[in-house]
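Here's the structure we're looking at; comments come further down.
The values are calculated or read from the model by the stated rules, or taken from the named source; none is laboratory data. Keep in mind that what you see is a predicted model, and the values were worked out from it rather than measured. Cβ: placed from backbone, ideal geometry, glycine included. Neighbour counts: every protein chain shown. Areas reflect the complete protein model, heavy atoms only, side chains present, ligands, DNA and RNA absent. Shrake-Rupley method; radii C 1.70, N 1.55, O 1.52, S 1.80 Å.
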Amino acid sequence: MPGTCVIGLQWGDEAKGKIVDRLTREHDFVVRYQGGANAGHTVVVGDQVYKLSLLPSGILTPGVTCVIASGVVVNPARVIEELDDLAKRGAGYPENLRISDRAHVIFPWHFAEDRALDKSTSDGENIGTTGRGIGPCYRDKVGRAHAIRLGDMYRSTFRSQVEHVVAAKNRVLEVLYPPGEFKPLDASQIFREYTGYAERLRPHVCDTTELLLTAAEEGKRLLFEGAQGALLDVDHGTYPFVTSSNSSGVGIASGSGVPGRHINRCIGIVKAYSTRVGGGPFPTEQDNPTGQYLRDRGNEYGTVTRRPRRCGWLDAVALRYTSRLSGVDMLAVMLLDVLSGLETLQVCTAYEIDGKTSVRFPSHVDDLRRAKPVYETLPGWKEEITGCRTYEALPANARAYLRRIGELVKQPVGMVSVGPEREQTIVVSKM
Ligand code: GDP
Ligand code: IMO
Ligand code: MG
């Protein structure tokens, strides 16, 4: 049962890409199974920085099959751009890429709907989506009548499918936009454009469900690369300020077709503090000089949209919840180096809601909005730690901080990251 999954335990951007890249060498397959080009996973190799949105972060390692499974919503133009970028840089192994014929395809109407609908939720705050058409594509997938999958693009019915959907979408979009602002979509032009993408991607497209099931049965080592973070999970996250897929560990089986019994290790990726892009409650947010300190040192600007990320203290209530939800058995604490220089560090250990203190993560966003964090204060450290390569080399206060995270989340810290590069990773054997 040599399956591993890597899941972000916060609101995304926990540095999953770095850990997936590192673990790739011990695996035969790396699998993206949900989300789409809303993800931006960074892998640093020497002086080269790769920002991957749809390609699995294993693509830079030889001999590994990289799979975009059925649960991903695929923007084919973006996949091609990423493949071309790798080719231009003489990097990666794109010939190892497989894309599910069951994956749903993002079309121009999805972008148009994303732009029109993100203005506000029913409670007035913007979700602040990445604008990549993710929500509208997943909605069409579940709605079925207007959905097109990658495998459909190779059939003689593709043209009539596009015509059918475009006719319907033009009617809907006309209503969603202010009068005169929406330019109707042209079915023939979209058909031509997407037929070109389909041809280009043809060598990569296959039945990845069958491929992965066979691999799992043969004992191949599978690595599942989560996108976003568990707090953005559509069913269990901070709804409606979430993404449109199951971005916690619960999405692996549905998104890949591989049952959970083939996974025996789940690594929860935790940024040493908290960040969030877009709207929604964030109890430990520091909209003050401390937040700015974290943003500056952590270069906290969105990989996909370049938006400044909201920054705050670590939230152990949320982490304990998402670690249980994803079945995590080990934590990787990332960007610990960003905290150097802070006099003291705060960790949220409980919420006070309407005068009652609780360690339960609220199921309703209104309750989370009213949650006041109860903080525990820990001493910080002055030293820069980007050069540390062993747990023992870290300052005593940094080790105490890591130990406390492990205690509060009730899972061992097995890895610590002190910089973006591959070598800036500490494997913790004993705390
Ligand atoms: P992902 O979406 O979870 O893969 O994370 P992102 O790539 O969006 O954001 C993580 C950012 O932190 C990237 O720019 C990484 O290169 C960088 N990074 C990763 N690990 C570390 C670390 O330990 N320290 C610092 N300072 N940066 C890191
Ligand atoms: P990675 O994989 C951080 C956020 C958006 C928005 C909400 C919904 O790099 O960690 P969507 O476009 O998905 O409908 O937007 O989810 N979001 C992310 N935030 N990291 C991501 O991916 C994200 N993907 C989506 O900012 O708040
Ligand atoms: Mg990211």
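Considering 162, 175, 166, which residue is more than 19 Å from residue 32 (Cα to Cα), in contact with a Pro (Cβ under 9 Å, 6 or more places away or on another chain) and β-branched (Val, Ile, Thr)?
Selected residue: 166, the only one of 162, 175, 166 that is more than 19 Å from residue 32 (Cα to Cα), in contact with a Pro (Cβ under 9 Å, 6 or more places away or on another chain) and β-branched (Val, Ile, Thr).
Here is a check on your reading of the model: is residue 194 open to solvent by less than 10 Å² (accessible area, probe 1.4 Å) and either aromatic (Phe, Trp, Tyr) or in a loop (DSSP other than H, G, I, E, B) (or both)?
Answer is yes for this residue.
From the list 39, 15, which one is modelled with pLDDT of 95 or more, within 11 Å of ligand 1 (Cβ to nearest atom) and surrounded by fewer than 24 Cβ atoms within 10 Å (Cβ to Cβ)?
The match here is 15.
Going by the structure shown, is residue 156 assigned to a helix (DSSP H, G or I), open to solvent by 30 Å² or more (accessible area, probe 1.4 Å) and at pLDDT 95 or above?
So residue 156 does not fit the description; no.
For the condition in a helix (DSSP H, G or I), within 30 Å of residue 414 (Cβ to Cβ) and either β-branched (Val, Ile, Thr) or in contact with a helix residue (DSSP H, G or I) (Cβ under 9 Å, 6 or more places away or on another chain) (or both), what is the one hit in 71, 63, 58?
The conditions single out 58.
Every residue in the range 217-245 that is in contact with a Gly (Cβ under 7 Å, 6 or more places away or on another chain) and open to solvent by 10 Å² or more (accessible area, probe 1.4 Å), please.
228, 232, 243, 244 - these are the residues of the range 217-245 that are in contact with a Gly (Cβ under 7 Å, 6 or more places away or on another chain) and open to solvent by 10 Å² or more (accessible area, probe 1.4 Å).
Would you call residue 289 closer than 18 Å to residue 374 by Cβ and away from ligand 2 (no atom under 12 Å from the Cβ)?
No; evaluated as a whole, the condition is false for this residue.
Quick one: would you say residue 275 is touching a residue at least 40 places away in the same chain (Cβ under 8 Å), within 12 Å of ligand 2 (Cβ to nearest atom) and in contact with a Ser or Thr (Cβ under 7 Å, 6 or more places away or on another chain)?
For residue 275, the condition - touching a residue at least 40 places away in the same chain (Cβ under 8 Å), within 12 Å of ligand 2 (Cβ to nearest atom) and in contact with a Ser or Thr (Cβ under 7 Å, 6 or more places away or on another chain) - is not met.
Restricting the range 18-34 to residues that are within 11 Å of ligand 1 (Cβ to nearest atom) and in contact with a helix residue (DSSP H, G or I) (Cβ under 7 Å, 6 or more places away or on another chain), which is farthest from residue 137 (Cα to Cα)?
21
Within the range 327-369, which strands (runs of 3 or more DSSP E) (wholly inside it) include 1 or more residues that are in contact with a Lys or Arg (Cβ under 9 Å, 6 or more places away or on another chain), open to solvent by 10 Å² or more (accessible area, probe 1.4 Å) and without any contact (Cβ under 8 Å) to a residue 24 or more places away in the chain?
Answer list for the range 327-369: 344-353.
Among 78, 102, 89, which is the only one that is in contact with a Gly (Cβ under 7 Å, 6 or more places away or on another chain) and open to solvent by 20 Å² or more (accessible area, probe 1.4 Å)?
Going through 78, 102, 89 in turn, just one is in contact with a Gly (Cβ under 7 Å, 6 or more places away or on another chain) and open to solvent by 20 Å² or more (accessible area, probe 1.4 Å): 102.
Going through 247, 323, 256 one at a time, which residue ends up being among the small types (Gly, Ala, Ser), under 24 Å from residue 119 (Cβ atoms) and touching a residue at least 60 places away in the same chain (Cβ under 8 Å)?
The match here is 247.
Taking only the range 40-55 into account, find how many residues are of a type outside the set (Gly, Ala, Ser) and more than 14 Å from ligand 3 (Cβ to nearest atom).
Of the residues in the range 40-55, 3 are of a type outside the set (Gly, Ala, Ser) and more than 14 Å from ligand 3 (Cβ to nearest atom).
Looking at the range 300-315 only, could you name the residues that are without any contact (Cβ under 8 Å) to a residue 12 or more places away in the chain and on the phi < 0 side of the Ramachandran plot?
Within the range 300-315, just 301 meets the criteria.
Is it the case that the range 21-36 has a residue that's modelled with pLDDT of 95 or more and on the phi > 0 side of the Ramachandran plot?
Yes, there is a match, as at least one residue in the range 21-36 is modelled with pLDDT of 95 or more and on the phi > 0 side of the Ramachandran plot.
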